[in-house]
Amino acid sequence: MKSKSIWTRDYQSVVDNGRNHSMVIDLPENKGGANSGPTALELCVMSFSGCIGTIFAMVANKMRLTFQKMEVLVEANKPESAGTITDVHFVLELATSEPEEKVKKCLEHTMHTCPVGLLFQQAGLKITHEIKIKK
């Protein structure tokens, strides 16, 4: 994997992944930016929710766990006294008729293989979660 960041103006940059995908990162206006994209740290949090969703779907497919809708809502805590995120909490909302135990097992496998989640764990972030199943 590779990434390149090209400064464009003020606190704005365009980052790419070397596979023809790019996005703007910036600071919010109250921090001196133009608010033209997420901050780099917000992008990390966004990556975590996306990773959980992707890996959960892959594990669910292998487990033959069917669902009609999935949302992963992540909230990261960054105290003023800390230089970065200290803990994250996510809610997995799933529309499924599958048993709750099967969903829990799928999420457990997901969290053992989600690369961004593993990175967060290795960095010492406290990760908590809850599951909301809608029938």
Could you grab me the full set of residues in the stretch 61-105 that are exposed (fewer than 14 other Cβ atoms within 10 Å of the Cβ), in contact (Cβ under 8 Å) with a residue 40 or more places away in the chain and polar (S, T, N, Q)? 84
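I'd like to check which helices (runs of 4 or more DSSP H) are fully inside the stretch 38-135 and have at least 2 residues that are hydroxyl-bearing (Ser, Thr, Tyr) and either modelled with pLDDT under 95 or under 25 Å from residue 14 (Cα atoms) (or both). It would help to see each step written out before you state the result.
On the way: elements: 40-63, 100-113, 115-122.
Counting at least 2 such residues, we get 40-63.
The values are calculated or read from the model by the stated rules, or taken from the named source; none is laboratory data. All of these numbers come straight from a predicted model, not from anything done at the bench. Cβ sites come from the backbone with ideal geometry, for glycine too, and all protein chains shown count toward neighbours.
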